[in-house]
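Just below is one structure, and these are the notes that go with it.
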Amino acid sequence: MKIQTEPFRKIVAPTAAEICERVELSAEGRAFLLPALSPQGFLALLIDAQVMGDAVRFLAFALPAREAIWWACAVAHATLPKPTELDRACIERSAGFVYASSEETRRACFALAEQAKFEGAAAYAALAVFWSGGSLAPEGMPDVDPDPKLCPIGVGASVLLSITTGDPLELPLRFEQAMERGMIIANGGNGWLKEDRPLKLTN
């Protein structure tokens with residue numbers, strides 16, 4: 001995989017250390033972290049060392065919420081081997097929120113995740129939408145603001161569940177493709193690879 005040296009367009013933090021203040025990394029991943037290391041440099045080291053969990057979590061926290069959610073949707077859409085109708089509904093509704101966010105769609109994503117029993121990559125993509133802003137309390141109740149860490153945690157969980165589902169022998173390829181999609185998004189692109197099929201949006 002070609003790793004870029006120039007800054008990612010969508011990542012505003014100047015150093016990886018600034019992002020990692022909010023990310024729980026493994027001891028293996030944290031060993032690569034130097035005080036002045038750039039986000040793209042740190043991510044390159046994690047990918048090269050195949051520290052998959054830390055690489056995914058780091059990028060989930062580095063991206064803005066909208067782009068991070070889209071990354072989760074793109075990876076789930078392209079990677080899940082046998083998505084159910086409910087999986088597809090979670091992914092499409094979550095992707096629709098990225099393009100036209102609304103409180104109605106945000107809460108609809110939570111309802112879909114609840115139907116999926118809060119399990120699986122697609123459900124976590126929908127939860128990331130619900131956690132991205134607005135109140136966590138039921139409608140009509142006093143507002144409860146989400147912890148800012150919740151949305152990227154949901155995104156990271158979704159991406160990791162997507163790439164760890166399927167043939168274990170193809171895990172390295174799924175990881176590489178997921179990170180490639182994420183870096184395309186980090187540079188302002190749509191995250192699609194040449195072989196990907198379009199994703200339907202549901203508002």
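A few comments on the model shown:
- Placing unit charges on the Cβ atoms of the charged side chains and taking the dipole of the chain about its Cα centre, the candidate lying farthest along the positive direction among 178, 61, 13 is 178.
- Kirkwood-based shape ratio for segment 16-62, expressed as Rg/Rh from alpha carbons: 0.88
- Neighbour-limited loop hits for GluC sites (Glu not before Pro), segment 131-203 (at most 16 other Cβ within 10 Å; DSSP other than H, G, I, E, B): 139, 195
- Cα-centred dipole magnitude for the chain, charges only on beta-carbon of K, R (+1) and D, E (-1), debye, nearest 20: 380 debye
- Net +/- balance of residues flanking residue 201 in space, Cβ distance below 14 Å, scoring K and R +1, D and E -1: +4
- Footprinting exposure proxy for 158, 132 (fewest neighbouring C-beta atoms within 10 Å first): 132, 158
- Here is the list for segment 1-35: GluC sites (Glu not before Pro) lying in DSSP coil, each with at most 12 other C-beta atoms within 10 angstrom of its C-beta, are 21.
- Convex hull per residue volume in Å³, alpha carbons only, for segment 29-102: 104 Å³
- Each Lys or Arg adds one and each Asp or Glu subtracts one; over the other residues with Cβ under 10 Å from the Cβ of residue 30, this totals -3.
- Simple rule: put +1 on each Lys or Arg Cβ and -1 on each Asp or Glu Cβ in the chain, find the dipole, and look at 151, 193, 79; the Cα lying farthest toward the positive end is 193.
- Kirkwood analysis of the chain, using all unique Cα-Cα pairs, places the hydrodynamic radius at 16.9 Å.
- Once you reduce segment 1-79 and segment 93-139 to the center of their Cα atoms, the two points are 23 Å from each other.
Just so you know, all these numbers are worked out from the coordinates, no wet-lab data involved. Given the structure is predicted, the values throughout are model-derived calculations rather than measurements. FYI the Cβ positions are ideal-geometry reconstructions off the backbone, even for glycines, and counts take in every protein chain you see.
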